[in-house]
Amino acid sequence: MVRVMASGVFDILHTGHISYLQQAKALGDELIVVVACDATVRKNKHEPITPEKMRVAIVDSLKPVDEAILGKEGDIFNVVREISPDMIVLGFDQAFTERELKKKLEEHGLGHIKVMRATEYAEDLTATRKIVAKIRKLEGEK
């Protein structure tokens, strides 16, 4: 059995997220998704719109996902050890490069884990920031 791990914020769910999770699931038998905790989202991106427990519940209900778990602050490699994936699939726009993540995995004794990157899903509203911008624009038109 091939266990695949994916991760992200999943703040406002969109087709880019669905494509990413479908691609990740297609690479293995079991897909475990780590949903970033609110503190991590605040530190690395923005104030979360949707609370962490709600984001986990939504992601957990998606067809490609076998299990969604809440990430923790701190060393991401602790979560990787807990999940023990055979492969980590990065979203097409996630900050790590495959090479950079592979090197860090090796440094943490996790060099056996394969690293792949999902391809971009080209559709208009494929990012939370695009959706928020469109909502702001629509609100400004009232």
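Accessible area per residue, 1.4 Å probe, Å², for the chain: what's the number? Don't skip to the answer; put the middle values down first.
Numbers: 8450 Å² over 142 residues.
Per residue, the chain has 60 Å² of solvent-accessible surface.
Ignoring solvent entirely, what values of log10 I(q)/I(0) come out of the Debye formula for the chain at 0.12, 0.16, 0.17 Å⁻¹ when each Cα is a single scatterer?
With no solvent term, the Cα-only Debye profile gives -0.48, -0.84, -0.95.
On C-alpha positions alone, give me the angle between the axis of helix 98-107 and the longest principal axis of the chain, in degrees, nearest 10.
50 degrees
Calculate the all-directions average of the projected area of region 68-134's alpha-carbon convex hull, and give it in nm².
Seen from a random direction, the Cα hull of region 68-134 projects 5.7 nm² on average.
I need the phi-derived Karplus couplings for region 4-15: 6.51 cos²θ - 1.76 cosθ + 1.60, θ = phi - 60°, integer Hz, Gly and Pro marked x.
10, 10, 10, 8, x, 7, 6, 6, 10, 5, 8, 5
Along the charge dipole of region 18-142, pointing to its positive end and built from +1/-1 on Cβ of Lys, Arg, Asp and Glu, which listed residue (VAL132, LEU21, ALA68) has its Cα farthest out?
Farthest towards the positive end: VAL132.
Please tell me the relative contact order of the chain in percent, rounded to the nearest whole number, where contacts are Cα pairs under 8 Å and at least six residues apart.
Reported as a whole number, the value is 29 percent.
Add -39500 (n - 2.57) for each DSSP H run of 4 or more in the chain, then divide by its residues: what number comes out at 222 nm, to the nearest 500 deg cm²/dmol?
-12000 deg cm²/dmol, from helical runs alone.
Suppose every K and R has +1 on its Cβ and every D and E has -1 on its Cβ; what is the size of the dipole of region 15-142 about the Cα centre, in Debye to the nearest 20?
460 debye
Over region 15-55, consider all pairs of different Cα atoms and compute the Kirkwood hydrodynamic radius from their mean reciprocal separation; express it in Å, one decimal.
That comes to 11.7 Å for region 15-55.
The values are calculated or read from the model by the stated rules, or taken from the named source; none is laboratory data. Because the structure is a prediction, the values reported are computed rather than measured. Positions of Cβ are generated from backbone atoms using ideal geometry, with glycine treated the same way; all protein chains shown enter the neighbour counts. Just so you know, the surface numbers come from the protein's heavy atoms only, side chains and all, with ligands and any DNA or RNA stripped out. Shrake-Rupley method; radii C 1.70, N 1.55, O 1.52, S 1.80 Å.
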